[in-house]
Amino acid sequence: MLVSAKEMLTKAKAGKYAVGQFNINNLEWTKSILLTAQELNSPVILGVSEGAGKYMCGYKTIVGMVNGMLEELNITVPVALHLDHGSYEGALKCIEAGFSSVMFDGSHYPIEENVAKTTELVALCNEKGISIEAEVGSIGGEEDGVVGAGECADPDECKMIADLGVTMLAAGIGNIHGKYPENWAGLSFETLDAVQQKTGDMPLVLHGGTGIPADMIQKAISLGVSKINVNTECQLAFQEATRKYIEAGKDLEGKGFDPRKLLAPGAEAIKATVKEKMELFGSVGKA
């Protein structure tokens with residue numbers, strides 16, 4: 001059964017570790033992540049972007065697939081199904097479809113409009129027992145066509161949004177989606193520390209977890225980060241493993257590739273990536 005992310009993140013903040021959010025794009029990715037979480041006895045958050053939602057035939061299809069897997073695979077660790085970088089309309093659709101957590105990304109709105117829309121969604125999520133994430137300060141890189149420069153959030157604006165009653169807060173601290181450029185300045189721990197001082201016990205979220213050095217990850221967790229998002233690293237691992245399989249020429253005697261065998265190496269690569277990240281985040285054995 002899907003759960004809100006609230007309890008798992010509250011425990012993570014108190015225990016000085018982070019829960020991984022791993023974005024899903026198909027059945028194989030979802031299965032790999034769930035099996036790894038169960039094996040490591042780790043709570044996990046399955047992230048779904050609006051683009052991935054459309055690709056996988058809609059939010060109700062995704063809810064049905066994930067709920068079916070939880071039952072068929074005997075998954076007992078806490079699992080949240082979370083809309084990643086959702087619009088206001090997307091958040092409403094996911095709440096209706098049965099997601100247990102949503103993110104409303106109002107960072108591109110003026111702060112007053114961000115506050116107004118977030119307030120409405122907080123009330124609806126509280127009514128339904130769903131966790132909600134908000135964002136202040138755009139995350140760099142590109143996510144479903146939305147491009148951010150990686151700005152640092154204003155700690156006072158973070159407090160303003162946190163005080164609305166959101167479950168968790170993503171504050172921009174120089175992090176970006178996708179690969180980090182060679183001239184990346186690194187995370188602004190000064191900003192992160194100021195945000196935590198303003199928001200207290202609220203779990204903080206670090207987007208763009210791919211490519212951030214392990215020591216920066218650990219320092220971010222020590223300063224209140226309780227949820228870390230990983231997507232690009234899984235994409236790259238899946239791509240490389242699948243490419244190697246194709247180049248090895250393991251087709252069915254010229255009849256083409258069995259899709260189950262073709263996707264299996266990529267699925268195993270995702271398992272390895274998720275395991276590595278869960279160990280780094282410290283969530284192993286915390287279910």
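Can you find a residue that is of a type in the set (Lys, Arg) and on the phi < 0 side of the Ramachandran plot anywhere in the stretch 15-31?
Just the residues of the stretch 15-31 that are of a type in the set (Lys, Arg), to begin with: 16, 31.
Narrowing further to those that are on the phi < 0 side of the Ramachandran plot: 31.
Yes, that holds for at least one residue.
Here's the yes/no breakdown for (1) in contact with a helix residue (DSSP H, G or I) (Cβ under 8 Å, 6 or more places away or on another chain); (2) polar (S, T, N, Q); (3) within 22 Å of Asp105 (Cα to Cα):
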position	(1), (2), (3)
Lys11	no, no, no
Lys16	yes, no, no
Phe22	yes, no, yes
Thr30	yes, yes, no
Gly47	no, no, yes
Lys54	no, no, yes
Thr61	no, yes, no
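Taking the criterion of being part of a loop (DSSP other than H, G, I, E, B) and in contact (Cβ under 8 Å) with a residue 12 or more places away in the chain, would at least one residue in the stretch 28-40 satisfy it?
Pass one, the stretch 28-40, residues part of a loop (DSSP other than H, G, I, E, B): none.
Within the stretch 28-40, none of the residues are part of a loop (DSSP other than H, G, I, E, B) and in contact (Cβ under 8 Å) with a residue 12 or more places away in the chain.
Against the condition farther than 24 Å from Val19 by Cβ, surrounded by 15 or more Cβ atoms within 10 Å (Cβ to Cβ) and touching a residue at least 12 places away in the same chain (Cβ under 8 Å), how does Thr232 come out, does it pass? Steps first, answer last, please.
Details: farther than 24 Å from Val19 by Cβ: no; surrounded by 15 or more Cβ atoms within 10 Å (Cβ to Cβ): yes; touching a residue at least 12 places away in the same chain (Cβ under 8 Å): yes.
Answer is no for this residue.
So which residues in the stretch 7-33 are out of contact with any strand residue (DSSP E or B) (no Cβ under 7 Å at 6 or more places or on another chain) and either closer than 24 Å to Ala52 by Cα or hydrophobic (A, V, I, L, M, F, W, C) (or both), if there are any at all?
Those that are out of contact with any strand residue (DSSP E or B) (no Cβ under 7 Å at 6 or more places or on another chain) and either closer than 24 Å to Ala52 by Cα or hydrophobic (A, V, I, L, M, F, W, C) (or both): Ala14, Asn25, Asn26, Leu27, Glu28, Trp29, Lys31, Ser32.
So in the stretch 175-195, with the set limited to residues that are among the hydrophobic types (A, V, I, L, M, F, W, C) and either at pLDDT 80 or above or farther than 18 Å from Gln21 by Cβ (or both), which one is surrounded by the most Cβ atoms within 10 Å (Cβ to Cβ)?
Taking the stretch 175-195 as the starting set, the residues that turn out to be among the hydrophobic types (A, V, I, L, M, F, W, C) are 176, 184-185, 187, 189, 192, 194-195.
If we keep only those that are either at pLDDT 80 or above or farther than 18 Å from Gln21 by Cβ (or both) as well, we get 184-185, 187, 189, 192, 194-195.
Details: Trp184: 15, Ala185: 9, Leu187: 23, Phe189: 15, Leu192: 26, Ala194: 21, Val195: 29.
The extreme case among them is Val195.
What pairs come out if I take residues in the stretch 189-200 that are within 14 Å of Asp154 (Cβ to Cβ) and pair them with residues that are among the small types (Gly, Ala, Ser) and in a helix (DSSP H, G or I) whose C-beta lies under 9 Å away, six or more apart or interchain?
Leu192/Ala220; Val195/Ala162; Lys198/Ala162; Thr199/Ala162
Return the pair list, or none, for Cβ contacts closer than 6 Å from residues in the stretch 235-257 that are under 19 Å from Ile270 (Cβ atoms) to residues that are part of a loop (DSSP other than H, G, I, E, B), at least 6 apart or on different chains.
Phe257/Asp251
Among the residues of the stretch 63-85, are any under 28 Å from Ala171 (Cα atoms), touching a Lys or Arg at 6+ places or on another chain (Cβ under 7 Å) and modelled with pLDDT of 95 or more?
no
Take Lys261 and decide whether it is assigned to a loop (DSSP other than H, G, I, E, B) and either surrounded by fewer than 13 Cβ atoms within 10 Å (Cβ to Cβ) or in contact (Cβ under 8 Å) with a residue 12 or more places away in the chain (or both).
Working: assigned to a loop (DSSP other than H, G, I, E, B): no; either surrounded by fewer than 13 Cβ atoms within 10 Å (Cβ to Cβ) or in contact (Cβ under 8 Å) with a residue 12 or more places away in the chain (or both): yes.
No: the conditions fail for Lys261.
So which of Lys198, Lys250, Lys244, Lys227 is of a type in the set (Lys, Arg), within 20 Å of Tyr17 (Cβ to Cβ) and either surrounded by 13 or more Cβ atoms within 10 Å (Cβ to Cβ) or modelled with pLDDT under 90 (or both)?
After ruling out the rest, the residue left standing is Lys227.
For the stretch 236-255, give me each residue that is assigned to a loop (DSSP other than H, G, I, E, B) and within 35 Å of the chain's Cα centre (by Cα). Lay out the reasoning, then the answer.
Taking the stretch 236-255 and keeping what is assigned to a loop (DSSP other than H, G, I, E, B), we get 248-255.
Scanning the stretch 236-255 gives Ala248, Gly249, Lys250, Asp251.
Just one of the numbered conditions (1) more than 15 Å from Ser131 (Cα to Cα); (2) surrounded by 24 or more Cβ atoms within 10 Å (Cβ to Cβ); (3) not aliphatic (A, V, I, L, M) is not true of Asn114; which one?
(2)
Of all residues in the stretch 196-223, count the ones that are touching a strand residue (DSSP E or B) at 6+ places or on another chain (Cβ under 7 Å), among the polar types (S, T, N, Q) and within 15 Å of Asp163 (Cβ to Cβ).
Adding up the residues that qualify gives 2.
The values are calculated or read from the model by the stated rules, or taken from the named source; none is laboratory data. These numbers come from a predicted model, not from an experiment. All Cβ positions, even for glycine, are placed from backbone atoms using ideal geometry, and neighbour counts span all protein chains on display.
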